[in-house]
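Beneath this line is the structure, given in structure tokens, with notes to follow.
Quick note: the coordinates plus some simple rules give every number you see, no bench work behind them. This is a predicted model, so every value here is computed, not measured. Here Cβ is always computed from backbone atoms with ideal geometry, including for glycine, and neighbour counts include all displayed protein chains.
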Amino acid sequence: MTFLAISGSARRASTNTAMLRTIQQMSPAEVVIDLLSPVNSLPVFSPDLEGENTPPEIERLLAAIETADGLIFASPEYVRAIPGGLKNLIDWLVSRDAIINKPIAIAHASHRGEDMLASLRTVLSTISAAFTSDVFVSFALMAKSPAEIDDILRQPENSAAITGFLSDFADHCASNSNSR
Ligand SMILES: Cc1cc2nc3c(=O)[nH]c(=O)nc-3n(C[C@H](O)[C@H](O)[C@H](O)COP(=O)(O)O)c2cc1C
């Protein structure tokens, strides 16, 4: 099972990216997680740049999505919404076949951000028929450093939550691929 984890934060010491990195390192042998934090390197979406005009970095993103069995999104909330960089990334995916039946789940690195989560759930369930809000994990990591996050997530109760999240998402991806 291969997952692609996408961080919605462009910040160097991002809690969302650090959380995804530790989840990547803690994943069991049968789960491979590739980590992308591309939101600050993508061009602004325009329908004029689709088809044969698609930029190479978008082609690479689409190829990575195509290859993955499932996507894990993690994002900060900015002004009670999805940050512009992540929304831009999602806009690039809307008209693409790679996303239509791609299983997607959310991991969350804050005790806040309910408006962003509600909006992200709406957006992801719009672009993919296989988005699940049932598979979800959340940790209160706001303002923690990457080293602190690594320590926190390796504590037994958090490690168990991550194992359960990855196992539930693998089951969701498997059942989705069986039903196609
Ligand atoms: C411009 C900006 C706007 C923000 N707006 C909100 C907000 O509306 N609600 C909230 O809970 N946090 C807000 N925050 C806090 C971030 O969501 C929070 O610090 C998050 O953990 C950052 O994630 P990161 O470490 O992955 O970058 C905002 C932060 C910034 C920089």
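Laid out as a table, the results:
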| quantity | calculated |
| --- | --- |
| For residue 131, distant residues with modelled amide H under 5 Å away | 104 |
| Per-residue HN-Hα couplings for region 67-76 [Karplus 6.51, -1.76, 1.60; θ = phi - 60°; Hz; x = Gly/Pro] | 6, 6, 6, x, 10, 10, 9, 9, 8, x |
| Mean Cβ neighbour count within 10 Å, used as a protection proxy, ranking 144-152, 105-113, 49-57, 69-77 highest first | 69-77, 105-113, 144-152, 49-57 |
| Percent antiparallel among DSSP beta bridges (both partners in the chain, rounded to 5) | 5 |
| Relative contact order %, the chain, counting alpha carbon pairs below 8 Å whose residues are six or more apart | 26 |
| For residue 117, net neighbour charge (Lys/Arg +1, Asp/Glu -1) across residues whose Cβ lies under 15 Å away | 0 |
| Residue 35 long-range amide H proximity, modeled H, under 5 Å | 5 |
| Cα-derived Rg over Rh, computed across region 2-178 with Rh taken as Kirkwood radius | 0.94 |
| Gyration tensor verdict on region 54-118 (Cα atoms; rounded if a/c is under 1.5, prolate if a/b is larger than b/c, oblate otherwise) | prolate |
| Sequence-distant residues sharing a close amide H with residue 110 (under 5 Å, placed H) | 139, 141 |
| Prolate/oblate/rounded label for region 1-50 (Cα gyration tensor, a/c 1.5) | oblate |
